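Presented below is the structure to which this report refers.
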Amino acid sequence: MSGAGESEFENLDCSAVLADIWLLLDNECDAGARQRLEGHVNACPSCLEHYGVQQQLKELISRKCGGDHAPDGLRERLRVEIRRSVSIRQTTYRVESD
């Protein structure tokens, strides 16, 4: 998969692909990342096998737990905890001209 002019980010190794396999399965990556991940998976038998196992696991979970919904109280408590634990920081940059 490596070619002339590819950046280190585009030339993915197996550990990087396996770390992001769920982003691919859940369709949570942009088109460029999807293309790079799929390209590696399709060219690497080991990653393709891992992808297949994870895909089957996701389908099994969906079949067995797909109809279950968290109780309203639990969802609300999770929202509150997430809001409490997530901090938003604002960074201000000052550019000085010569």
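Every number here is computed from the coordinates shown, using simple stated rules; none is lab data. Source: prediction; values computed, not measured. A quick note on method: Cβ atoms are made from the backbone with ideal geometry, for glycine too, and the neighbour counts reach across all protein chains shown.
Points to keep in mind about this one:
- About the Cα centre, charge dipole magnitude for the range 14-84 (Lys/Arg +1, Asp/Glu -1 at Cβ), debye: 240 debye
- Neighbourhood charge, 13 Å Cβ-Cβ cut-off, centred on Cys47 and excluding it, Lys, Arg +1 and Asp, Glu -1: -3
- Approximate shape of the range 14-84 as ellipsoid semi-axes (Cα gyration tensor, √5λ), whole Å, largest first: 30, 16, 9
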